[in-house]
Amino acid sequence: MSVKKFAVGCFDDEDRLLAAVHSVRKAGYKIHDVYTPMPVHGLDEAIGHRETSLHTASFIYGMIGMIGMLAFIAWALMDDWPWNLGGKPHDAWIAWIAITFEVTILSAAVGVVITFCYLCQLGPFVKKHRFNLRSTDDLFVMVLECMPKTNEAEVLAFLESIGAMEINIQVAEDGWWFGTYDKEQTLYQIENEPPFVSGNQQ
């Protein structure tokens, strides 16, 4: 896991955030991620993310559940333990529709939730650097990755010019880790302000 520098800009309005995202991409800066307290319509397209494939994954999981359940019922009632129920045929497919439907929905739902958590790196023990604690409350936080030749002061000035309320440079791990937030995550403020420590040390 690598440690990188990030320029962070906080916005108090989603329209201002969307306009800022367009300005940042037009200026050529690399957006690491955008954190919002609520879904923002059109943000994925503005950042440049492709359309999600979760609906395709849901279909695949549902088909796996349906085929698996049909195969299991056919094996159980026609091969392993066939019953003579009033002379009715063992391959009573219509009678299997209800349980097959339920397993199909269950497989699709559970599969999509697990896939979503994996793709978004979510889990009870998975931790990521928090660029601003108010990103789950009332602030829209845009994080830009500072490349080795990036002029940090210029990036901060640009973020301020496009409407950012709070701006700072942070040094953080760009990935995730298993554990707790008891490690110090130092936030280097501009103008040589004292360092801010996030997490449980705050």
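Just so you know, all these numbers are worked out from the coordinates, no wet-lab data involved. Just so we're clear, the structure is a prediction, and the values are computed from it rather than from any experiment. With ideal geometry, Cβ positions are generated from the backbone for all residues, glycine too; neighbour counts draw on all protein chains shown.
Counting only alpha carbon atoms, the long axis of helix 14-27 and the longest principal axis of the chain meet at about 70°. The simple spin-label model puts a point 7 Å past each Cα toward its Cβ; for HIS90 and ASP174 those points are separated by 6.0 nm. As a proxy for reagent exposure, ranking HIS129, HIS90, HIS55 by other Cβ atoms within 10 Å from fewest up yields HIS55, HIS90, HIS129. With the helix formula -39500 (n - 2.57) applied to DSSP H stretches of n ≥ 4, the chain reaches a computed 222 nm mean residue ellipticity of -12000 deg cm²/dmol. Taking the Cα of GLU145, stepping 7 Å toward and past its beta carbon, and measuring to each backbone N in segment 15-51: which are under 11 Å? Under 11 Å, as judged by backbone N against the label point of GLU145, lie 30-33 of segment 15-51. Applying 0.36 nm per residue to the separation of ILE97 and MET78 and subtracting their alpha-carbon distance, the gain on full extension is 5.2 nm.
Could you work out how far the C-alpha centroid of segment 114-183 sits from that of segment 22-84, in angstrom? Between the Cα centre of segment 114-183 and that of segment 22-84, the gap is 25 Å.
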